[in-house]
Amino acid sequence: MRNATLKLYAKSQVIWNTLKDEQGQDLVEYAAVIVLVVLALAGGMGTLANGINNAMTSVGTKVNTLLS
């Protein structure tokens, strides 16, 4: 029992030291910012596409009305 507890403690210390290490923190922060920007762009693209589609439909309707 004591050996298993000691092994668990040693593994938890390795995990804690890995999490405490801040060398890779910048990369994670940059990746998080990039993900947020991509999600914002993806959400905005749908709105932009609908706006362009509505504008083109309006122009097409006006051109057809003028040519009729």
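The values are calculated or read from the model by the stated rules, or taken from the named source; none is laboratory data. Quick caveat, the model's predicted, so the values are computed rather than measured. Positions of Cβ are backbone-derived with ideal geometry, glycine not excepted, and every protein chain shown enters the neighbour counts.
A few points about this structure:
- When each of T61, T57, T47, T65 is tested for being of a type in the set (V, I, T), loosely packed, with under 10 Cβ neighbours inside 10 Å, at pLDDT 90 or above and assigned to a helix (DSSP H, G or I), the lone residue that passes is T65.
- E22 meets each of the listed conditions (1) of a type in the set (D, E, K, R); (2) at pLDDT below 85; (3) in a helix (DSSP H, G or I) apart from (3).
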